[in-house]
Amino acid sequence: PTVFETGQEIVDHCRSNPVDVIILDLNLRGKHSGWDVLGLLKELDDAPPVILTSGSLSLNDPPDLDYPRLWMLPKPFRLAELEDVLTKVATDNAKTATEQA
């Protein structure tokens, strides 16, 4: 895993590196919020899957962005919940790879 300090670092990394999944908190250091980063990632040719997490995130309040591969995981969460979401992402990644082949 790679940890970034700012949203801009995440976007810069994704522009030049393949990414299996991003676990993205809404509250980030720097000028970009998690919502901002999600919008910037959406503009990439191959937008990576994102697990969006925050203590203020509600599953009843989906984001305004139409992000193609987004899962939401409100904090606090248990390890088993994260594992479930990561399994869904891995399944989606395999499906997407098969469709692109």
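Quick one: pull the percent of accessible area on the chain belonging to carbon and sulfur, 1.4 Å probe, ligands and nucleic acids left out.
The computed percentage sits at 50.
Quick one: net charge around residue 91, please, counting Lys, Arg +1 and Asp, Glu -1 for every other residue with C-beta under 12 Å from its C-beta.
After counting each charged neighbour, the total is +1.
Scan [x] 14.6, 40; [y] 17.3, 57; [z] 13.2, 39 for the value of Rg and Dmax of the Cα atoms in Å calculated from this model and give just the label.
Checking each listed value against the structure points to [z].
How high is the relative contact order of the chain? Use alpha-carbon pairs under 8 Å, at least six apart in sequence, and give a whole percent.
Once normalised by length, the contact order is 23 percent.
Would you please give the residues with an amide H less than 5 Å from that of residue 72, counting only those at least 5 places away or on a separate chain, with H modeled from the backbone geometry?
Those lying under 5 Å, H to H, from residue 72 are 52.
Identify all aspartates and glutamates with a Cα-Cα distance to residue 75 below 17 Å; exclude those on the same chain that are fewer than 8 residues away in sequence.
Cα-Cα hits under 17 Å: 25, 61, 83, 84.
Within the set of other residues whose C-beta is less than 12 Å from the C-beta of residue 29, count the net charge using Lys and Arg as +1 and Asp and Glu as -1.
-2
The values are calculated or read from the model by the stated rules, or taken from the named source; none is laboratory data. Predicted, not measured: the structure shown is a model, and the values here were computed from it. Virtual Cβ from ideal backbone geometry, glycine too; neighbours counted across all protein chains shown. To get the accessible areas, we keep the full protein, side chains included, count just its heavy atoms, and leave off ligands, DNA and RNA. Shrake-Rupley method; radii C 1.70, N 1.55, O 1.52, S 1.80 Å.
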